[in-house]
Amino acid sequence: MPENAFVVRTFQNSVEAEFARAVLDANGIASMLLKDSASGMLPFLDMMHPVRLIVRQTDVDTAVRLLDATAATDPNEPPPLVS
């Protein structure tokens, strides 16, 4: 993991983690997921080793703000965009 990479969220399953990553991607924030589930063959390992969402240090504040705003919105509305 690069020195300037930070974990902004952890998730108990890959589906939620991929959704959060998609929100960041839609807003131009590069991110990656770190997971230890044997390439998806052993998904129960996510319970022992949560999926970690990683962003660059310069994007931490914006990423946290976006993820917080997305969590607070109505699931029937599109996620917010930051300009």
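The values are calculated or read from the model by the stated rules, or taken from the named source; none is laboratory data. It should be emphasised that the depicted structure is a prediction, and the values quoted were computed from it without experimental measurement. As a convention, Cβ positions derive from the backbone with ideal geometry for all residues, glycine included, and neighbour counts pool all protein chains shown.
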Would you pick out the residues in segment 13-26 that are buried (at least 16 other Cβ atoms within 10 Å of the Cβ) and within 16 Å of Thr62 (Cβ to Cβ)? Ala20, Arg21, Val23, Leu24
Would you please list the contacts, defined by Cβ atoms under 7 Å and residues six or more apart or on different chains, that run from a residue in segment 34-62 that is closer than 13 Å to Gln12 by Cα and crowded, with 16+ Cβ neighbours inside 10 Å to a residue that is at pLDDT below 80 and among the basic types (Lys, Arg)? none
